[in-house]
Each structure stands twice: as C-alpha cells, then as structure tokens.
1. Within the stretch 34-67, take every residue that is in contact with a helix residue (DSSP H, G or I) (Cβ under 7 Å, 6 or more places away or on another chain) and among the aliphatic types (A, V, I, L, M) and give me the one that is modelled with the lowest pLDDT.
2. Output the number of the condition that residue 31 fails; it satisfies all remaining conditions of (1) of a type outside the set (A, V, I, L, M); (2) modelled with pLDDT under 90; (3) surrounded by 12 or more Cβ atoms within 10 Å (Cβ to Cβ).
3. Is the stretch 9-28 home to any residue that is free of Cβ contacts under 8 Å to residues at least 40 places away in the same chain, over 28 Å from residue 60 (Cβ atoms) and not in a helix (DSSP H, G or I)?
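The values are calculated or read from the model by the stated rules, or taken from the named source; none is laboratory data. All values derive from a computational prediction rather than experimental measurement. For neighbour counting, all protein chains shown are included, and Cβ atoms are generated from backbone atoms with ideal geometry for every residue, glycine included.
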Amino acid sequence: MVELPENFPEYSIMYKTLSKQIKSLQKRLDEKQGSQRKEIEVKIQRYESEILRIKKKFPDNFFEELN
C-alpha cells in the first residue's frame, strides 16, 4: 500500500481547485491583451508551480486519473 502524505484531503482539494482555476484562466487568456494578459500568465505560472509542489508529495501518477 502506498503511503499518502499527511493532510491528504486538503492537498487533493487544492490540486483540483488549482487545476480548475488554470483552465478558467487559460480561457480568459485568449480574450485579454497587454498587461491583463501578462497578469493572467503570471497567475497561471504560480498555480502550476503550486500543483508541481503538491504532486511531489504524492506517488507518481497519483493525480493523473483526476485530470
């Protein structure tokens, strides 16, 4: 059995929420230009780095079935 990190439910919820936010921001990205577009890109990068941090706490491919 694979050992899951402490606070597993919270990390799982965070992962799902961040994934939804990224998808939403990517849709908005097409509509925006200039500084608004850059702000959205920065948010997406921040959320993606947080997702990577969460993924490192779990076994390989743990979140693949959630995507």
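1. 66
2. The one condition residue 31 does not meet is (3).
3. Scanning the stretch 9-28 turns up no residue that is free of Cβ contacts under 8 Å to residues at least 40 places away in the same chain, over 28 Å from residue 60 (Cβ atoms) and not in a helix (DSSP H, G or I).
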